[in-house]
Amino acid sequence: MPVNETLSQLSDWSYGSATAIYMLAVVLFLAQQAFGKRGAESAARAAERPRTVASAGPSDTGVGGTGVAGGTAPGSAPGSTATRRYSGTAERFGRMGVALTVLGVLLHLAALVLRGVATSRAPWGNMYEFIMALCLVAVVTWLVVLRKYTVRHLSAYVLLPVVVLLFLGGTLLYSTATPVQPALQSYWLVIHVSTAAVASGIFLIPGVASIGYLLQSAGERNPARFAAMTRVLPPKETLDRIAYRTTVFAFPLFTFGVIAGAIWAEAAWGRFWGWDPKETVSFITWVIYAAYLHARSTAGWRGDRAAVINILGFAVVVFNLFFINLVIAGLHSYAQVD
């Protein structure tokens, strides 16, 4: 079927708008961190100021032995005016960042749907479209995490790699809307590739959370060097819980995607497994995440070592996405980069 150029152009505009809005959301989340940090520092300074004791004489206070009601010097309580001002500003920036993220998701979803309607096929037939779908899943997953955990100040570090991937996808990896190659004209494109995109997008969240976990661990060992970073990160327990639960959700999907790919390979090429580079790295990815889940459920391997395994797993996912598709020739070379 012919490609609808109007819908394709609208898809490209929605894609670019979503990328720009995500970038603005990153700026707002960073502003939330900056003002939240100032509020924490204001509260710390206030707590260090000497309080005026109730027994002080009139010569010390001038009014009934106390500077203010309750015998506390102005600004000495953690809830001082400066602290409340910074905390309120940080909260507003954070809410604005979430609102922009939701708006970005709507435009992002519109870009994906319009691309599919324009081409009359599943909109993940090349690298550009696959990255678009992967990043959409990652942001939606993060919004779900935000509803369950108080980790909004981590949003900048989740959205930043999404913005980088979308920028690379929209520039270096962009592909015009065209029908897919004959080898991809199968219902397995919907089953296998969509599952791989969903699992890969979810894996971004535990990857970022595990990096945060290691930074918090480094902050415990060397508070002076990592104090600024650890103040803006959630507690280690929260980061570990997010990494584990999102991996538990994504791993079965990834497993199903590998199995579906093997079934498609048998139908298309006459064999279930041929150690094609994409198949090999996908199997390595599966082994790494299986090792992470085993390590995380084993008391002796929790903590930093489990986080390192999770980060390694996501690094292999990125390697499989870019290096295998763009550099190494194989049966899965369907990047279609213009």
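The residues on offer are Leu233, Leu204, Leu253, and the sole one that is in contact (Cβ under 8 Å) with a residue 12 or more places away in the chain and surrounded by 23 or more Cβ atoms within 10 Å (Cβ to Cβ) is Leu204.
Given the condition part of a loop (DSSP other than H, G, I, E, B) and without any contact (Cβ under 8 Å) to a residue 12 or more places away in the chain, answer yes or no: does some residue in segment 294-316 qualify?
Yes: segment 294-316 contains one or more residues that are part of a loop (DSSP other than H, G, I, E, B) and without any contact (Cβ under 8 Å) to a residue 12 or more places away in the chain.
Restricting attention to segment 254-298, the residues being under 25 Å from Val151 (Cα atoms) and among the aliphatic types (A, V, I, L, M) number 2.
Return yes when Glu91 is among the acidic types (Asp, Glu) and either in contact with an Asp or Glu (Cβ under 9 Å, 6 or more places away or on another chain) or more than 30 Å from Val327 (Cα to Cα) (or both) and no when it is not.
Spelling it out, Glu91 is indeed among the acidic types (Asp, Glu) and either in contact with an Asp or Glu (Cβ under 9 Å, 6 or more places away or on another chain) or more than 30 Å from Val327 (Cα to Cα) (or both).
Residues satisfying the criterion are absent from segment 10-23 (criterion: part of a helix (DSSP H, G or I) and modelled with pLDDT under 90).
Have a look at Val198, Val190 and point out the one that is β-branched (Val, Ile, Thr), in contact (Cβ under 8 Å) with a residue 60 or more places away in the chain, surrounded by fewer than 19 Cβ atoms within 10 Å (Cβ to Cβ) and in a helix (DSSP H, G or I). Exactly one residue qualifies, and that residue is Val190.
Could you tell me which of the residues Ala299, Ala250, Ala291, Ala260 is farther than 23 Å from His192 by Cβ and modelled with pLDDT of 85 or more?
The unique qualifying residue is Ala291.
Of all the numbered requirements in (1) buried (at least 23 other Cβ atoms within 10 Å of the Cβ); (2) over 15 Å from Tyr15 (Cβ atoms), Ser120 misses one, and that requirement is (1). Among the residues of segment 218-230, the one identified as more than 18 Å from His153 (Cα to Cα) and surrounded by 15 or more Cβ atoms within 10 Å (Cβ to Cβ) is Ala218. Taking (1) within 25 Å of Ser17 (Cα to Cα); (2) at pLDDT 85 or above in turn, Lys148 satisfies each apart from (1).
The values are calculated or read from the model by the stated rules, or taken from the named source; none is laboratory data. What you see is a predicted model; the values in this text were computed from it and never measured. Cβ sites come from the backbone with ideal geometry, for glycine too, and all protein chains shown count toward neighbours.
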